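Nothing in this text is a laboratory measurement; each read-out follows from the coordinates by a stated rule. All figures in this text were calculated on a predicted structure; none of them were measured in a lab. Backbone-built Cβ (ideal geometry, glycine too); neighbour counts: all protein chains shown.
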Amino acid sequence: MLRRLATLLLLLPLFAQGAELRVAVASNFAHTLEQIVTAYESDTGHRVRVSTGSTGALYTQIQHGAPYDLFFAADVERPKLLEQNDKIVAGSRTTYAIGQLALWQRQGKPSSESLIHWQNKLAIANPRIAPYGYAADQVLTALKIKQQFHGRLVTGANILQAYQYVDSGNVDAGLVALSQLKAANIPAEQYWLVPHKLYHPLEQQAVVLKRSSHPKLAQEFLDYIEQQQQLLSSAGYQTQ
């Protein structure tokens, strides 16, 4: 009897193995999500597999049947479209963070004036598929300098690639996510926080997808993230 009990105790961890969630996340939020995932996995025993890309590219994958449980977008538009197409769990669409855009300039003092008079190339994310790229385009339009950057914009497939262009030294400046600069401990004197009045709010929403294998667990993970307000704020996001 004791031997059988000992065997059962050894097998308990196998029986109690956590489930695995598959999460699609916009590039700007990837680093912050990794921090949250580490704590979540430690707290719960569940696993989270993360796929990163531009919001537009991930949305297209989901439309074509990609097997994700959750989608963390960098905008409101795509989660709304998924809701309208009956692809999400009812009531799951929620705003988890509000992003902020910054001008990262490796040399000189970054400001609105430095951007207006910038003579070199500028890195941005693709405005057609990346919300941070669309916001960057709005900034250039609001400052009435979009035309002068014709032929000098280096466009990344997503905000991570735009950041990497500057980080590698291939481009001297870029409009990137504040969260990326915070994650890399970039000194504040190297970037200018773009005033919110120059672009539409980067409200970022998440949804639980209807094809999820673990919809209840996915919602619990979403609730877990919404409890991390202090971490989100320190990571460069506005919170509600």
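What net charge do the residues around residue 97 carry, taking every other residue with its C-beta under 12 Å from that of residue 97, with Lys and Arg at +1 and Asp and Glu at -1?
Around residue 97, the charge tally is -3.
In nm, give the distance between the simple-model label positions of residue 234 and residue 170, each being 7 Å from the Cα along the Cα-to-Cβ direction.
3.3
Show me, for the stretch 173-184, the HN-Hα J-couplings you get by feeding each phi into the Karplus relation (A = 6.51, B = -1.76, C = 1.60, θ = phi - 60°), rounded to Hz, glycine and proline as x.
8, x, 9, 10, 7, 4, 4, 5, 5, 5, 5, 8
When we measure straight from the Cα of residue 197, which lysines land under 28 angstrom away, once same-chain ones fewer than 8 places off are left out?
80, 109, 121, 144, 146, 182
So which lysines pass the test for residue 216, namely a Cα distance under 17 Å, with those fewer than 8 places away in the same chain ruled out?
Result set, ordered by chain and number: 87.
Which FRET efficiency value, to the nearest 0.05, is calculated for residue 120 and residue 66 with the Förster distance at 41 angstrom and r the Cβ-Cβ distance?
So the FRET efficiency works out to roughly 0.60.
Counting Lys and Arg as +1 and Asp and Glu as -1, what is the net charge of the other residues whose Cβ lies under 15 Å from the Cβ of residue 112? Display every interim value, and only then the final one.
Details: positive: 109, 144, 146, 197; negative: 113.
Once all neighbours under 15 Å are counted, the net charge is +3.
Could you state the orientation-averaged shadow area of the convex hull built on the Cα atoms of the chain, in nm² to one decimal?
Mean orientational projected area (the chain, Cα hull): 15.6 nm².
Below 8 Å, C-alpha to C-alpha, sequence gap of six or more: please give me the relative contact order for the stretch 100-198 in percent.
Values: 172 pairs, mean separation 45.8, N = 99.
Relative contact order of the stretch 100-198: 46 percent.
Is any helix in the chain, taking whole DSSP H runs, at least 18 angstrom long along its axis by alpha carbon and on average at least 0.5 on the Kyte-Doolittle scale, and which ones?
Counting only whole DSSP H runs, the qualifying helices are 2-15.
Under a crude label model (7 Å from the Cα following the beta-carbon direction), how far is residue 42 from residue 86 in nanometres?
4.4
In whole Hz, what ³J(HN,Hα) sequence does the stretch 188-193 give by Karplus (6.51, -1.76, 1.60; θ = phi - 60°), x for Gly and Pro?
Each residue's phi maps through the Karplus curve to give 4, 6, 8, 9, 10, 6 Hz.
Collect residues whose amide H, placed 1.01 Å from N in the peptide plane, falls under 5 Å from the amide H of residue 48; neighbours closer than 5 in sequence don't count.
For residue 48, the qualifying residues are 21.
Return the sequence-ordered ³J(HN,Hα) values of the stretch 205-210 in whole Hz as given by the Karplus equation 6.51 cos²θ - 1.76 cosθ + 1.60 applied to θ = phi - 60°, using x for Gly and Pro.
10, 10, 9, 8, 7, 5
Where does each of 201-208, 88-95 land if you order them by average Cβ count within 10 Å, highest first?
201-208, 88-95
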